[in-house]
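For reference, the structure discussed in these notes is given below.
The values are calculated or read from the model by the stated rules, or taken from the named source; none is laboratory data. All values reported here derive from a predicted model rather than from experimental measurement. Ideal geometry is used to build each Cβ from the backbone, glycine not excepted, and the neighbour counts take in all protein chains shown.
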Amino acid sequence: MLLASPSGLLALALLSAPAEVSAAPFTDECEAASSRIELPATPEGKPPVVCLSPGLSINLRFDSMLQRESLKIQERDWFEDWALGQQTLTLVPRDNLVAGKRSEVEVCFADGAAPACTTFDLVLHPGLGMQEVKVLRQSRPVAYYQQVAKEAQDEAQRLRVEVQQLRAERGVPDGLRGAIASGLVGYGGILFKDLSRDVTVKEGNALVKDTVLSYRAKERVAVEVYLTNPGMTPWTAAGAVLRGPKGEVLKPLPLWPLASILPADPQAERGRQADRVVVEVLATEKEARGTYTLILWDAERTRTVTLGNITFP
């Protein structure tokens, strides 16, 4: 539906306000972790990081044959199942794992070349778990490096577009003028959808869902979530991701607002004590089509909020 007052003015304010670009108060190693790992002949420093998410299977693919009996899993109770093939390792994490923990897994190779074995640092992350990791050990043909260069160029171009968008938004006015200047409005307007009764809530969420709205504008979507904090300590959103049914990930712009959600007042009415978090993603209508799961986490990545059945108008 086309937005109208007062919801229209709210959406315009959300989507036209200059984006916060302050640096996050912590470094999320899973943001920088690569799904392509090259092993040196002599191990150097810390083991490579592999990020897992509860309930999300991961497949490590090797370019060398593995010793079938060499698998060593430090925390076997993390996984519902695992399988070591000739050149693959599949791990199936349990749904109830607590993010923020870490462990190690080791495999050895069958050909006797260096390195004989390799260890991976497994990091449990609420939303940035990998689905596939390529582990490379042998020398590479020229075509491989050409493909790596192309992927790097594509990623750099994506980041340039995002930076240009953020810089442009910081220079526009607020309100309706800002929405017009940013190109967010046009013949299609800004659409919104009330998902409050449709979303599913994961058991064990750190906060209680109140209202959930989704928005679509030109080449971007957003989810506005109102949450109540039933705990004893403040909660601040440090990261978020929208994950599709096939595991595809939409990473958002910096979250807004950056204020903490304080513990709820037992004497206050529920609707009056909910605070919002807005998750905005640069994505076309085609890219954001389908049903998504929204995962929010704090700086420690232990108090998470997972909402399923997120769709956009």
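The set of residues in segment 110-140 that are touching a Cys at 6+ places or on another chain (Cβ under 7 Å) and either surrounded by fewer than 20 Cβ atoms within 10 Å (Cβ to Cβ) or not aliphatic (A, V, I, L, M) (or both) comprises 116, 117, 125, 129. Once segment 274-313 is narrowed to residues that are hydroxyl-bearing (Ser, Thr, Tyr) and either in contact with an Asp or Glu (Cβ under 8 Å, 6 or more places away or on another chain) or surrounded by 18 or more Cβ atoms within 10 Å (Cβ to Cβ) (or both), the residue that is farthest from residue 95 (Cα to Cα) is 284.
Is segment 119-135 home to any residue that is at pLDDT below 90 and assigned to a loop (DSSP other than H, G, I, E, B)? No, that holds for no residue. Going through (1) exposed (fewer than 15 other Cβ atoms within 10 Å of the Cβ); (2) modelled with pLDDT under 70 one by one, residue 204 falls short only on (2). Check segment 246-260 and report whether any residue there is assigned to a loop (DSSP other than H, G, I, E, B), of a type outside the set (A, V, I, L, M, F, W, C) and crowded, with 18+ Cβ neighbours inside 10 Å. Yes, segment 246-260 contains at least one residue that is assigned to a loop (DSSP other than H, G, I, E, B), of a type outside the set (A, V, I, L, M, F, W, C) and crowded, with 18+ Cβ neighbours inside 10 Å.
When residue 306 is tested against the conditions (1) touching a residue at least 60 places away in the same chain (Cβ under 8 Å); (2) among the polar types (S, T, N, Q); (3) over 26 Å from residue 32 (Cα atoms), the lone failure is (3). Against the conditions (1) within 16 Å of the chain's Cα centre (by Cα); (2) in contact (Cβ under 8 Å) with a residue 12 or more places away in the chain, residue 276 satisfies every one except (1).
Examine segment 209-218 for a residue that is of a type in the set (Lys, Arg), assigned by TED's automatic domain parsing to the domain that holds residue 287 and not in a loop (DSSP other than H, G, I, E, B), and state whether such a residue exists. Yes, segment 209-218 contains a residue that is of a type in the set (Lys, Arg), assigned by TED's automatic domain parsing to the domain that holds residue 287 and not in a loop (DSSP other than H, G, I, E, B).
Residues of segment 274-301 that are farther than 18 Å from residue 206 by Cβ and basic (Lys, Arg): 286, 289. Just one of the listed residues (43, 47) is modelled with pLDDT under 90, surrounded by 12 or more Cβ atoms within 10 Å (Cβ to Cβ) and touching a strand residue (DSSP E or B) at 6+ places or on another chain (Cβ under 9 Å), and it is 43. Counting only strands (runs of 3 or more DSSP E) that sit wholly inside segment 51-110, those with at least 2 residues that are without any contact (Cβ under 8 Å) to a residue 40 or more places away in the chain and not basic (Lys, Arg) are 79-84, 88-93, 102-108.
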